[in-house]
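Have a look at the structure below, then the notes.
Read-outs throughout are calculated quantities, based only on the coordinates presented, and are distinct from any laboratory measurement. Quantities reported herein were computed from a predicted structural model and do not represent experimental measurements. When we count neighbours, we look across all protein chains shown, and the Cβ atoms used for this are built from the backbone with ideal geometry, even at glycine.
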Amino acid sequence: LDVKKPVATKPVKLKSSLRASSPFDVAEERMRQERKWSKLKRVHKKDFIAGTKAPEPQYQRGINDGSEYIDPRKLGMSTKELYAKQKEKFVSNKPFLMAVKSGRLFDE
């Protein structure tokens, strides 16, 4: 006999199931770990880097982004008052001629 070689022993046959013979909660703990790792793998295309601070999102204006500011006093005005203030835009300073003397043009 060679003393350095261990002697092979016959394994003891247990009548209980493999799950019952294993230590308590090992199988469930392993399933939990596998679920956790599979979730971490599916998070994003980029690699998962732990221990870093998440970047703060860039500030965005609210729902009014792109709309012009309207003075509240102007909002309270009626359309008649608004047109009276902006009369130069809509009415010409040239005199309005309804009829032309015979033999003349409008430009004269």
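Points worth noting:
- A simple rule links phi to the HN-Hα coupling: the Karplus curve 6.51 cos²θ - 1.76 cosθ + 1.60 with θ = phi - 60°, which for segment 69-78 gives 7, 10, 4, x, 5, 6, 5, x, 6, 7 Hz, with x for Gly and Pro.
- Applying the Karplus relation 6.51 cos²θ - 1.76 cosθ + 1.60 with θ = phi - 60° to segment 6-15 yields 3J(HN,Hα) values of x, 7, 6, 10, 7, x, 7, 7, 9, 7 Hz, where x marks Gly and Pro.
- Given charges at Cβ of Lys, Arg, Asp, Glu: segment 63-108 dipole, positive-most of 102, 77, 67: 102
- The stretch between residue 59 and residue 32, if pulled fully straight at 0.36 nm per residue, gains 5.9 nm over its current Cα-Cα span.
- Stretch gain in nm, segment residue 24-residue 83, where the contour uses 0.36 nm per residue and the Cα spacing is subtracted: 12.7 nm
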